[in-house]
Amino acid sequence: MPEKARALAKKDFLAHLTRKQLLELEACVRCGACFDACVVQEATGDRNISPPAKIASYRRFVDTVHGLRAKLLGRRKPAEEDVAHFLGALYACTTCGACGEVCEVGIDTQRLWWAMRRELVGMGYPAPGTLPKLLENARRHHSIFASPLELRYRIWLPPEVRPAARAELCYFEGCGVAWEAPAMAEAAVRLLSAAKIEFTLLEASRAWCCGWPLAVAGMWELQQELVENNISALEEKGITTLAVSCPCCLQQIREVWRSYGKLPFEVLHITQIIAEAVEDGRLRFTKARKERVTYHDPCQLTRGFRGPRVYEEPRTVIQHLPGVELLELERQGRLTKCCGAGGGIRGARPEVALEIGKLFLRDAARTGAETLLMNCPACYAMYVARRLPEPWGREWRAFESPVKCNDVLQYAAGFL
Ligand code: SF4
Ligand code: SF4
């Protein structure tokens, strides 16, 4: 542990938890209703890393440093091995929020895991695995990837698609899409162009990371800089609507950017704009293909933010594809299962992500679908590009499934 983590400071374990969250620590009744919702529990069966176990551990830390025990026995720092065990549990989690959706007493678990991570990182305990590299990259490149932002549009913007210098709509693909799932952005702008919807892009070097991957990993040091740059770059464009491809960007903008002030534009997911164009006839799919597909609701489109959930619109697009039949997964909408790619778990605990992935492909195969359609760059990186840190990546790429995987708009663009 770093030296900073060993010194006990006045606000340790409390600095980033709200009063509501302190109450939530006391509210967990250990009923276990969240076990069945949790993909980590399904993949590992390890109750020591379950939501109630994490809440109980954290409550003990608070009590040891600030509670009755501290008053009677004096403030003591928790044992290093207890903190290390807790960190292992806290990051063996996709922060998907499914546990909070079913929690018997209404604990907003997703926000609680975020706050705990922020607290521990702030106290000097580094986020595990490859996660600290994301912050290093962001310090240098304003993106979590080790590539200069200037390259982004050269990777995915097709030469025949011409964004306007200024328009009411700005498309923001996000760095996860640009570097891990560029085909998602290419499909999005091809569909916008086919529907004759004028859009603009931010200058490549001004479109910084939205901040979500760092926030979710507990690394908040660059948040203000990233958010303020993006808001001012978008303000200068004079747009009225921002369309994003990444569900995590959507959650981050609706929840975190808004906390920095009122946004002078509305934010939508790109499938909301494409679905509207499909419904009012501006976008028509002319090719046909007989195929059974299923659709996975990304966690951050169906829970964890204010405003309407993005549930119907991707299905509207799929239902307009000639010859395509949509079969539903058992868990969908606000109860959707996490695919195992979120919350930094691929970097922190890739062995857990791998097991979740195998189970998820099994679920998709059970629907009888030939293709699993996804709508998130993290899902895309894990299921279409089959990316996991090595050696788990090798095992993941070798894992066979009868179901092909694709992005929903990339799939739809094949019907133009
Ligand atoms: S946020 Fe998701 S992965 Fe984490 S404990 Fe809750 S259900 Fe499990
Ligand atoms: S459902 Fe809520 S109250 Fe019950 S164990 Fe899970 S977190 Fe605790």
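Scanning segment 134-160 for residues that are open to solvent by less than 40 Å² (accessible area, probe 1.4 Å) and closer than 16 Å to Gln224 by Cα yields Leu135, Ala138, His141, Ser143, Ile144. Here Arg258 qualifies as at pLDDT below 95 and either surrounded by fewer than 18 Cβ atoms within 10 Å (Cβ to Cβ) or touching a Cys at 6+ places or on another chain (Cβ under 6 Å) (or both).
Could you check segment 31-74 for helices (runs of 4 or more DSSP H) lying wholly inside it with 1 or more residues that are closer than 30 Å to Phe360 by Cα?
Result: 39-44, 51-66.
Within segment 38-56, none of the residues are open to solvent by 20 Å² or more (accessible area, probe 1.4 Å) and under 14 Å from Leu8 (Cβ atoms). Would you call Gly357 at pLDDT 95 or above and either crowded, with 22+ Cβ neighbours inside 10 Å or among the acidic types (Asp, Glu) (or both)? In short, yes. Restricting segment 344-374 to residues that are among the β-branched types (Val, Ile, Thr) and touching a strand residue (DSSP E or B) at 6+ places or on another chain (Cβ under 8 Å) leaves a set whose member that is farthest from Gln410 (Cα to Cα) is Thr367. Assessment of segment 147-165 against the conditions (at pLDDT below 95 and not assigned by TED's automatic domain parsing to the domain that holds Cys249) yields no matching residue. Here is the figure for segment 173-191: residues that are surrounded by fewer than 23 Cβ atoms within 10 Å (Cβ to Cβ) and not small (Gly, Ala, Ser) total 5. For Thr336, are the conditions met, namely being closer than 28 Å to Lys290 by Cβ and within 16 Å of ligand 1 (Cβ to nearest atom)? It is true that Thr336 is closer than 28 Å to Lys290 by Cβ and within 16 Å of ligand 1 (Cβ to nearest atom). Figure legend. Inter-residue proximity from segment 83-101: first residues under 16 Å from Thr336 (Cβ atoms) and open to solvent by less than 10 Å² (accessible area, probe 1.4 Å), second residues in a helix (DSSP H, G or I) and more than 9 Å from ligand 1 (Cβ to nearest atom), beta-carbon distance below 7 Å, spacing 6+ or different chains. Indicated pairs: Thr95/Trp114; Thr95/Val216; Ala98/Leu335. Take Gly344 and decide whether it is within 27 Å of Gln223 (Cα to Cα) and either surrounded by 24 or more Cβ atoms within 10 Å (Cβ to Cβ) or out of contact with any Phe, Trp or Tyr (no Cβ under 8 Å at 6 or more places or on another chain) (or both). Answer is yes for this residue. Taking Lys77 as the residue in question, decide whether it is outside any helix (DSSP H, G or I), more than 13 Å from ligand 2 (Cβ to nearest atom) and free of Cβ contacts under 8 Å to residues at least 24 places away in the same chain. Against the criterion (outside any helix (DSSP H, G or I), more than 13 Å from ligand 2 (Cβ to nearest atom) and free of Cβ contacts under 8 Å to residues at least 24 places away in the same chain), Lys77 does not qualify. Scanning segment 278-307 for residues that are modelled with pLDDT of 95 or more, open to solvent by 20 Å² or more (accessible area, probe 1.4 Å) and in contact with a Lys or Arg (Cβ under 7 Å, 6 or more places away or on another chain) turns up just one, Arg282.
Among the residues of segment 98-127, the one identified as modelled with pLDDT under 95 and within 12 Å of ligand 2 (Cβ to nearest atom) is Glu104. Could you check segment 341-387 and list, in sequence order, the residues that are under 24 Å from Ile270 (Cα atoms) and β-branched (Val, Ile, Thr)? Answer for segment 341-387, where residues must be under 24 Å from Ile270 (Cα atoms) and β-branched (Val, Ile, Thr): Thr371, Val384.
Would it be correct to say that Gly174 is small (Gly, Ala, Ser), under 19 Å from Ala413 (Cβ atoms) and touching a residue at least 60 places away in the same chain (Cβ under 8 Å)? Spelling it out, Gly174 is indeed small (Gly, Ala, Ser), under 19 Å from Ala413 (Cβ atoms) and touching a residue at least 60 places away in the same chain (Cβ under 8 Å). Condition (residue is open to solvent by 10 Å² or more (accessible area, probe 1.4 Å) and within 19 Å of Pro377 (Cα to Cα)) applied to segment 111-125: is it met by at least one residue? The answer is no, given that none of the residues of segment 111-125 is open to solvent by 10 Å² or more (accessible area, probe 1.4 Å) and within 19 Å of Pro377 (Cα to Cα). Residues in segment 88-97: is at least one touching a Leu at 6+ places or on another chain (Cβ under 7 Å), within 12 Å of ligand 2 (Cβ to nearest atom) and not hydrophobic (A, V, I, L, M, F, W, C)? No, because not a single residue in segment 88-97 is touching a Leu at 6+ places or on another chain (Cβ under 7 Å), within 12 Å of ligand 2 (Cβ to nearest atom) and not hydrophobic (A, V, I, L, M, F, W, C).
When segment 9-28 is filtered for residues that are open to solvent by 90 Å² or more (accessible area, probe 1.4 Å) and assigned to a loop (DSSP other than H, G, I, E, B), the ones remaining, listed by number, are Lys10, Lys11. The criterion of at least 1 residues that are within 16 Å of ligand 1 (Cβ to nearest atom), touching a Cys at 6+ places or on another chain (Cβ under 7 Å) and not charged (D, E, K, R) is met, among helices (runs of 4 or more DSSP H) falling completely within segment 98-197, by 98-102, 109-122. Taking segment 30-82 as the range and being within 16 Å of ligand 1 (Cβ to nearest atom) and aliphatic (A, V, I, L, M) as the test, the residues that pass are Ala33, Ala37, Val39, Val40, Ala43, Ile49, Ala53, Ile55, Ala56.
The values are calculated or read from the model by the stated rules, or taken from the named source; none is laboratory data. The shown structure was predicted, so the numbers you read here are calculated from the model rather than taken from an experiment. Every residue, glycine among them, receives a Cβ derived from its backbone with ideal geometry; neighbour counts consider all protein chains shown. Ligands, DNA and RNA are excluded from the accessible area calculation, which covers all protein heavy atoms including side chains. Shrake-Rupley method; radii C 1.70, N 1.55, O 1.52, S 1.80 Å.
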